[in-house]
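A short write-up of the structure that comes next.
The values are calculated or read from the model by the stated rules, or taken from the named source; none is laboratory data. No experiment lies behind these values; they were computed from the predicted model shown. Backbone-built Cβ (ideal geometry, glycine too); neighbour counts: all protein chains shown. We work out accessible area using only protein heavy atoms, side chains counted, and drop any ligands, DNA or RNA first. Shrake-Rupley method; radii C 1.70, N 1.55, O 1.52, S 1.80 Å.
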Amino acid sequence: MDQMIYLDNAATTKCAPEAVKAMMPYFSEYYGNPSSIYGLGAESKKAVSGARKIIAESLHADQTEIYFTAGGSESDNWALIAAAEAYGEKGKHIITSRIEHHAVLHTCEYLQKRGFRVTYVGVDENGILKLDELEKAIRPDTILISVMYANNEIGTIQPIAQIGELAKKHGILFHTDAVQAYGHVPIDVEELHIDMLSASGHKIYGPKGIGFLYIRKGVKIRSLLHGGAQERRRRAGTENVPGIVGFGAAVQEAFANMEERGEKEKQLRDYLISEIETQIPHCRLNGDRKRRLPGSVNFSFRFIEGESLLIMLDMKKICASSGSACTSGSLDPSHVLLAIGLPHEIAHGSLRLTLSYENTKEEIDCVVEAVKEIVEKLRNMSPLYEDYVKKNGKE
Ligand SMILES: *Cc1c(COP(=O)(O)O)cnc(C)c1O
């Protein structure tokens, strides 16, 4: 197959044609500032409120509870820092999990330097939060619980309803980073007792650089950016009108087709998992088999380096991702894989394949073939594998 195969949809997605089409007029036709009083500005304002309405309805929230941001990282930073500031008088203790995205973990570290205490709750071997550990961590001065809806590396979906219940029972704010889950699974902020929720456009076939933070009415939260009166005075700056419109269109598509897309992804996902498990020895599926995102697959292969696997897949025009913190240029294994109990050497040999509804069975067959061939090649160069085979024989 000469075509590129894209299996890195947890990193980012292709912008949907519906989103691109919806955005186009807002670059050079309806370019007015939504804050202006003339007609051109009013067009932009109308478009922004249209997108806000679509998003609010998708979560069973009110339009006044949706605040546009520049993406998931900004939403996570805002939720944590501003809640810490607004509720710092009441207490200085925050609870999160060990498998959060760095946008949450690094923000927690920042808050720790400013006098906040953070408890990092562990997960089981499938990546599911230990609820008993969470409950034990709650103290009188706990002001915030932040636990992601679904994990970006291993796809595990968290027991959000139970976490929301606990937070509500103890009168603690509950924030969830739903960047990977939003648009893929139904979310009802009322039913789940979610006080704040982060989402991002480019993870659900919308444009990059746009996201939102849902903030429940009544939650005290400090402004993120100071300046103009945009976003109910909480996030200053002229709105990213094309981005917001594109995000709204992507959300509309995602929710209208959620079941159909999800079913297709699940079938491909389960086929990919079973093909890898039957064709490649010494592999381990990471993440929960049932409670996982429809398009998420993560495997560890013993005796190999994930980075080498990725480079060789790239030579075959297959886009995938590994479990290393490659963005920082370091080769530290992923904190998520370590948190589910993988030893360093096994975490190093990990591969994340994240599907979209556009992938095909032919692509999956092609990828399984390529992974199998590369893993064999890499193992044949591995002294660890040689030792293993000497002791145990092949397989
Ligand atoms: C991608 C991602 C983010 C960051 O979102 P951006 O829009 O890229 O800033 C945050 N959390 C999770 C779980 C993610 O997957």
- prompt: Mind checking whether some residue in the range 371-394 is within 35 Å of the chain's Cα centre (by Cα), polar (S, T, N, Q) and closer than 30 Å to Val185 by Cα?
  reply: no
- line: Among residues of the range 344-359 being of a type in the set (Ser, Thr, Tyr) and part of a loop (DSSP other than H, G, I, E, B), the residue least open to solvent (accessible area, probe 1.4 Å) is Ser356
- prompt: Which residue pairs have Cβ atoms closer than 7 Å, lie 6 or more positions apart in sequence or on different chains, and pair a first residue in the range 141-161 that is open to solvent by less than 10 Å² (accessible area, probe 1.4 Å) with a second residue that is more than 11 Å from the ligand (Cβ to nearest atom) and acidic (Asp, Glu)?
  reply: Thr156/Asp288
- prompt: What are the residues in the range 123-149 that are under 20 Å from Ala347 (Cβ atoms) and touching a His at 6+ places or on another chain (Cβ under 9 Å), if any?
  reply: Met148
- line: Restricted to the range 89-130 and to residues being among the hydroxyl-bearing types (Ser, Thr, Tyr) and part of a strand (DSSP E or B), the residue farthest from Ala150 (Cα to Cα) is Thr119
field: Condition check for Thr64: out of contact with any strand residue (DSSP E or B) (no Cβ under 9 Å at 6 or more places or on another chain), β-branched (Val, Ile, Thr) and modelled with pLDDT of 95 or more
entry: yes
field: Complete set of residues in the range 217-245 that are over 29 Å from Ala16 (Cβ atoms), out of contact with any Gly (no Cβ under 8 Å at 6 or more places or on another chain) and open to solvent by 30 Å² or more (accessible area, probe 1.4 Å)
entry: Lys217, Gly218, Lys220, Arg222, Ser223, His226, Ala229, Arg233
query: Given (1) more than 16 Å from the ligand (Cβ to nearest atom); (2) modelled with pLDDT of 95 or more, where does Gly243 come up short, assuming only one miss?
result: (1)
statement: When the range 143-167 is checked residue by residue, the ones that are among the charged types (D, E, K, R) and either closer than 20 Å to Ala10 by Cβ or in contact with an Asp or Glu (Cβ under 9 Å, 6 or more places away or on another chain) (or both) are Glu153
query: Which ones in the range 121-167 are among the polar types (S, T, N, Q) and within 16 Å of the ligand (Cβ to nearest atom)?
result: Ser146, Asn151, Asn152, Thr156, Gln158
- line: For the range 290-324, the count of residues that are assigned to a loop (DSSP other than H, G, I, E, B) and touching a residue at least 40 places away in the same chain (Cβ under 8 Å) equals 12
query: Of the residues Glu373, Glu362, Glu369, which single one is open to solvent by 60 Å² or more (accessible area, probe 1.4 Å) and either touching a residue at least 12 places away in the same chain (Cβ under 8 Å) or of a type outside the set (Asp, Glu) (or both)?
result: Glu362
message: Among the listed residues Leu131, Leu105, identify the single one that is touching a Pro at 6+ places or on another chain (Cβ under 9 Å) and on the phi < 0 side of the Ramachandran plot.
response: Leu131
task: State which residue is nearest to the chain's Cα centre (by Cα) when the search covers only the range 183-216 and only residues that are open to solvent by 20 Å² or more (accessible area, probe 1.4 Å) and within 14 Å of the ligand (Cβ to nearest atom).
output: Lys203
query: What are the residue pairs meeting all of these: first residue in the range 65-86, first residue more than 22 Å from Thr119 (Cα to Cα), second residue near the ligand (Cβ under 9 Å from one of its atoms) and assigned to a helix (DSSP H, G or I), Cβ atoms under 6 Å, and 6 or more apart or on different chains?
result: Thr69/Ser75
- prompt: If a residue has to be of a type in the set (A, V, I, L, M, F, W, C), open to solvent by 30 Å² or more (accessible area, probe 1.4 Å) and over 30 Å from Asn359 (Cα atoms) to count, how many in the range 1-50 make the cut?
  reply: 4
message: Looking at Gly262, Gly201, Gly228, Gly248 in this structure, which one is closer than 16 Å to Val179 by Cβ and touching a residue at least 60 places away in the same chain (Cβ under 8 Å)?
response: Gly201
- line: Residue hits (the range 106-128; over 18 Å from the mean Cα position of the chain (by Cα) and either closer than 20 Å to Gln158 by Cα or crowded, with 17+ Cβ neighbours inside 10 Å (or both)) are Leu111, Phe116, Val118, Thr119, Tyr120, Val121, Gly122, Asp124, Glu125
